[in-house]
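Below you'll find the structure, written out as C-alpha cells, and then a few comments.
Read-outs throughout are calculated quantities, based only on the coordinates presented, and are distinct from any laboratory measurement. Source: prediction; values computed, not measured. Here the Cβ positions follow ideal geometry from the backbone for every residue, glycine too, while neighbour counts run over all protein chains shown.
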Amino acid sequence: MTTRKTYAELRAQTEARYPSGQTPGGVTVDDIVQLKLQNTYDTHLDIARDMARVMREDMAAYDADPGKFTQSLGCWSGFHAQQMIKAVKRMRGTSRGTYVYLSGWMVAGLRNRWGHLPDQSMHEKTAVADLINEIYVSLRQADEVALNDLFRELKAARTEAERARVIEKIDSFETHVVPIIADIDAGFGNEHATYLLAKELIKAGACALQIENQVSDAKQCGHQDGKVTVPREDFIEKLRACRLALEEMGVENGVIVARTDSLGAGLTQKVPVSQHPGDHAAEYIKWLKTEPITDANPMREGELAIYQNGQFVKPMRLANGLFPFKEGSGRARVIEDCITNLTEGGADMVWIETDTPNVDEIAGMVNEVRKVVPKAKLTYNNSPSFNWTLNLRKQVRAQWLEEGRIGPSDYPDGNELMKAEFDATELGREADARLQRFQTDISARAGVFHNLITLPTFHLTAKSMDELSRGYFGEDKMLAYVKTVQREEIRRGISAVKHQHEVGSDLGDTFKEMVAGERALKAGGHANTMNQFAAE
C-alpha cells in the first residue's frame, strides 16, 4: 500500500507551520493531523497506481507459490464492497489478496438507467466508471470511520503508554482500499472508444481492466449462446488501446486481463484478410466451417470463396451473414487465443470462459498455453451460471463409475442428483469436499492466480430478501428480522449493526467538534439508540 506519513511525522510537520498549536482561524494541529491521516488517498488515480503495484506484488508471490492465489466477489454497490472487505479484515486481520470484481453483467442488470438489462453491452458505458468511483468512495469512508474511532480513543487516553499504544494502531492501520478488476466488456465500440472508456475507468480507480474477444455490437453473456468473436488482430488492437490508456494515466504497472469466449463461441462476424501463411488471419480462418465447390455446389452470385490447403472452398454463411466455426474447434481456438493475447497482445493474464467448472478440462488447456508461455496466469470465473452442486456430483459419479466404486444404479444420472436426499450421501459429501477445495485445486493445477465469483451479491440479495420477506410478511413478523438479521449481526460482530456509526455519524460529530467546539450539535449523545449496541 502507499507509504503514509506517521502520526509523529505529520504532527511535527504541522507544528512547524503552526507553533502555537493552531491556525490563525482556530483550527488545531491535532485536528489537521487527524484529517490528513483519515484521507488515505488524495485521488482515485492514486488508488489505481498503488493498487497496480499491489497486484504485481501478488502476481510475483503467486509465481513463487501457487497457493497464494487471490480472490474477489462481484459487487454492485459500494456498500457491498465495503462490507466484504470489513468481513475479510475481521476474519484474517488483513485484506491482502482480496480484490473487488466489477461485473459488466451486474452493471447491466442492476446499475443502469434503463431497467434490468441482459449482459449485451446495452447499458450506458458511464455506469461502469460511476460504480468504480462509488466503490472507492465507500472503501475510503470505511477508512475514515475506522481512523476516527482510533482518534477518539487517542483523545480518551489518560497515560503516555495508552497514547503510544493507540498511535501505533493509527500508524499500522491498513486501508480498506483494494484492487478492482473492472469489466470493460468488449470495449463498447472500436479501439478508440475502448481507449476512451478505459481512461475513465482508470481515473475512477481501476488498476486492472478485463476485456473479452467478442464483437462489441453483438456481445453476449459468456454463458449464453450466440457469441461472436473478433479476429485476433482486431482484439490485439483493443488490448493495445487498454495499455495506452494505462500508460497515459501513469499506471505503468496496470494489469490487463484478456478474456476468450472461443470455447463456447461458434461464430465470427468477418473473415480477416490473410497476408501470408501462418499469420493471425490465416490461423483464425482455418477454423471456419467450409464446404467444397463442386459442379453440384458451384459458386453463386454474392458468395465468398477462400483458398485453403491447395483449393478454393466456400465458408458457410448463415442467413444473418455470420460465419460458423467447425464444431469441436473451440478448445484449440482458446489455446491459440491465449498464446496470442499473452505474447503479442501484451496481456498480463488470460480468462477462459468455460461452460462447466471442470478442473481437468481447464488445466488441460492451460498446460498447452504454458508450453509457450511458462508463467501464464489465469483469472477464472467461478460463475453462478454453473449449477455447481449438479456439476460436481456428476463429476464424482462419472469418476466412481469408471473406477468401479459404484454401479450405474447406485446413484441416478441427470438432474435427479440435485435432490436434497443426496446431500448426506457419500457422493454428496465428496462433491462438497471438492467444492471446498476447487479454488485451491484450480490455482495449483491450472495456473489460476485470481478466483472470482461474478454475480454473488445479485443472488445473495435475492435470497436474503426472499428469506426475510417470507418470515416478516408471514407468521414470524418481527422475529424474522431479529432472528435472521440483527441477532446474527450482533453475534458475528458486524459493524453495520450500528448503522448510524457505519455511515459516518460519529465522523460527523468529530468534525462538528473540530469547527464548533462546545457549540457542536452532536448526534451521539445519551439519546442515540445506537448506544444499545455498545456492549454487544
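Would you mind calculating the gained length between residue 401 and residue 464 on full extension (0.36 nm times residue separation, minus the Cα-Cα distance), in nm to one decimal? Don't skip to the answer; put the middle values down first.
Working: separation 63, 0.36 × 63 = 22.68 nm, distance 3.80 nm.
Between residue 401 and residue 464, full extension yields 18.9 nm more.
Using alpha-carbon pairs under 8 Å, 6+ residues apart, how would you state the relative contact order of the range 194-328 in percent? Numbers along the way, then the final one.
On the way: 196 pairs, mean separation 32.2, N = 135.
For the range 194-328, the relative contact order is 24 percent.
Once amide H atoms are placed 1.01 Å from N in the peptide plane, what residues at a sequence separation of 5 or more from residue 187, or on another chain, have their amide H within under 5 Å of its amide H?
Amide H neighbours of residue 187: 212.
Beyond 18 Å between alpha-carbons counts as too far, so tell me which of 86/512; 326/377; 89/169 fall in that bin. Show your work: numbers first, answer last.
On the way: 86/512 26 Å; 326/377 28 Å; 89/169 15 Å.
The answer is 86/512; 326/377.
Students often get this wrong: which residues of the range 12-37 have the backbone nitrogen under 15 Å from the point 7 angstrom along Cα-to-C-beta of residue 519?
25-27
Sorting check: for 170-182, 37-49, which peptide has the highest mean count of neighbouring beta carbons within 10 Å, and how do the rest follow? Write down the numbers at each step before the final one.
Numbers: 170-182: 21.7, 37-49: 19.6.
Highest-to-lowest ranking by the protection proxy: 170-182, 37-49.
For the range 32-42, in order, what is each residue's ³J(HN,Hα) by Karplus, 6.51 cos²θ - 1.76 cosθ + 1.60 with θ = phi - 60°, in whole Hz (x at glycine and Pro)?
Calculated HN-Hα couplings, in order: 4, 4, 4, 5, 5, 6, 5, 7, 5, 9, 6 Hz.
What does the highest-first list of 337-343, 59-65, 353-359 look like by mean Cβ count within 10 Å?
On the way: 337-343: 22.9, 59-65: 14.0, 353-359: 18.7.
Ranking, from highest mean packing down: 337-343, 353-359, 59-65.
Taking Cα atoms, how many degrees apart are the long axis of helix 191-204 and the longest axis of the chain, rounded to 10 and kept between 0 and 90?
The angle comes out near 20 degrees.
Would you give the gap between the C-alpha center of the range 31-104 and the C-alpha center of the range 443-509, rounded to a whole Å?
Between the Cα centre of the range 31-104 and that of the range 443-509, the gap is 20 Å.
Tell me which aspartates and glutamates have Cα within less than 19 Å of residue 314's Cα, excluding those fewer than 8 residues away on the same chain?
283, 291, 295, 301, 303, 327
Compute the FRET efficiency between residue 273 and residue 488 as 1/(1 + (r/R0)^6), taking r as their Cβ-Cβ distance and R0 = 60 Å, and round to the nearest 0.05. If you can, show how the numbers build up before the last one.
Working: r = 61 Å, r/R0 = 1.02.
Plugging the Cβ-Cβ distance into 1/(1 + (r/R0)^6) gives 0.45.
Which whole-angstrom value gives the distance between the alpha carbon centres of the range 414-431 and the range 1-21?
Cα centroid to Cα centroid, the span is 61 Å.
For the range 426-464, list residues with backbone N below 20 Å from a point placed 7 Å from the Cα of residue 418 toward its Cβ?
427-436, 454-464
For the range 28-131, state the semi-axes of the equivalent ellipsoid (square roots of 5 times the eigenvalues of the alpha-carbon gyration tensor), sorted largest first and rounded to whole angstrom.
Values: eigenvalues 158, 102, 39 Å².
Output for the range 28-131: semi-axes of 28, 23, 14 Å.
Could you work out the helix-only [θ] at 222 nm for the chain, with each DSSP H run of four or more residues adding -39,500 (n - 2.57) and the total divided by the number of residues, to the nearest 500 deg cm²/dmol?
Numbers: 20 runs with 249 residues, N = 536.
Mean residue ellipticity at 222 nm (helix-derived): -14500 deg cm²/dmol.
List the lysines whose Cα sits under 24 Å from the Cα of residue 125, skipping any in the same chain fewer than 8 residues away.
Output for residue 125: 199, 203, 219, 227, 238.
Run the quick spin-label model on residue 512 and residue 360: label points 7 Å from Cα toward the beta carbon, then report their separation in nm to one decimal.
Modelled inter-label distance: 6.6 nm.
Does anyone have the angle between helix 330-343 and the longest principal axis of the chain? Alpha-carbon axes, 0 to 90°, nearest 10?
60 degrees
Over the alpha-carbon set of the chain, work out the extent along each principal axis and list the three values in angstrom, largest first.
Taking the Cα atoms of the chain, the three principal extents are 98, 58, 46 Å.
Once you keep just the Cα pairs under 8 angstrom separated by 6 or more residues, what percentage relative contact order results for the chain?
Details: 844 pairs, mean separation 78.5, N = 536.
This gives 15 percent for the chain.
Compute from the Cα atoms of the range 475-522 the Rg and the Dmax, the latter being the longest Cα-Cα distance, and quote both in angstrom.
Rg and Dmax of the range 475-522, Cα atoms, are 16.0, 50 Å.
With the cut-off at 1.5 for a/c, could you classify the range 37-79 from its C-alpha gyration tensor as rounded, prolate or oblate?
Values: a/c = 2.87, a/b = 1.51, b/c = 1.89.
Verdict is oblate for the range 37-79.
Length gain on complete extension for the stretch residue 30 to residue 327, per 0.36 nm per residue less the alpha carbon to alpha carbon distance?
Result for the pair: 100.0 nm of gain on full extension.
Which lysines does residue 394 reach when only Cα atoms under 20 Å apart count, and residues fewer than 8 places away in its own chain are ignored?
Partners found: 419.
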